[in-house]
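Okay, so here's the structure we're looking at.
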């Protein structure tokens with residue numbers, strides 16, 4: 001939960017306009033503060049896009065992390081708008097992965113979400129095509145697919161360009177650099193292509209540990225002021 005507070009604070013600092021984020025309840029208990037309020041004399045709804053394509057790979061650590069992230073956002077943020085991007089050629093977006101989004105729906109279908117401030121955009125682009133378009137050619141801004149957003153949080157697989165949105169990403173590890181001979185060649189090449197764009201374009205990189213942050217500085221050469229630890 002403290003990690004979620006880090007995300008909110010970082011997104012707030014990343015945006016140049018005045019925004020309002022309200023973090024209460026469980027986060028307050030975990031960080032020892034009653035509430036976080038970042039506000040001006042008026043509230044501005046922020047549109048936040050998140051690539052949740054990795055939830056297709058159920059049972060993996062990355063998939064579970066994304067599910068937990070979205071679940072906690074649903075619980076505490078009723079003000080801002082979230083657009084979830086999902087793409088897979090063969091795998092279906094299973095709303096059952098996000099049970100907390102539509103508990104009252106009698107029938108769960110792809111794209112159906114009860115929460116009015118959450119929307120899902122599903123596509124049939126295979127990962128290999130998105131690797132070509134986004135990691136290699138770096139064309140097709142994400143806004144062309146999901147509409148305008150203020151912030152887009154990318155996956156660990158592809159790094160789309162944006163028109164105007166500021167980008168953040170989550171860095172789990174750098175095994176593709178540290179242990180390339182023990183990792184599938186396709187994974188190594190794909191993630192290295194993605195990370196080159198992360199270094200150039202991401203305003204904030206969320207690291208899941210102090211070790212990952214240290215690797216990001218030492219291996220990728222990313223300045224410490226762009227790195228945040230989710231603990």
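Summary table
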read-out	value
Share antiparallel - DSSP beta bridges, the stretch 45-229, percent rounded to 5	0
Residues residue 92 and residue 116, FRET efficiency given R0 of 25 Å [Cβ-Cβ distance, rounded to 0.05]	0.60
Cα principal axis extents for the stretch 45-229, largest first, Å	49, 34, 30
Potential lengthening between residue 218 and residue 164 on full extension [0.36 nm per residue; Cα-Cα distance subtracted]	16.5 nm
Calculated FRET efficiency for the pair residue 229/residue 123, C-beta based, R₀ 35 Å, to 0.05	0.65
The stretch 141-231: radius of gyration and largest Cα-Cα distance (Dmax), Å	13.3, 40
Label point at residue 60 placed 7 Å out along Cα→Cβ; residues across the stretch 142-167 whose backbone nitrogen lies under 13 Å	155-158
Label-point separation in nm, residue 136 to residue 45, each point 7 Å along Cα→Cβ	3.9
Exposure proxy order (Cβ contacts within 10 Å, fewest to most) of 82, 172	172, 82
Gain in span if fully extended, residue 203 to residue 175, counting 0.36 nm per residue against the direct Cα distance	7.9 nm
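Bear in mind that the values in this text are calculations on the coordinates, not laboratory data. Just so it is clear, the structure is predicted and the values come from calculations on it, not from any experiment. No Cβ is skipped: glycine too gets one built from the backbone with ideal geometry, and neighbour counts run over all protein chains shown.
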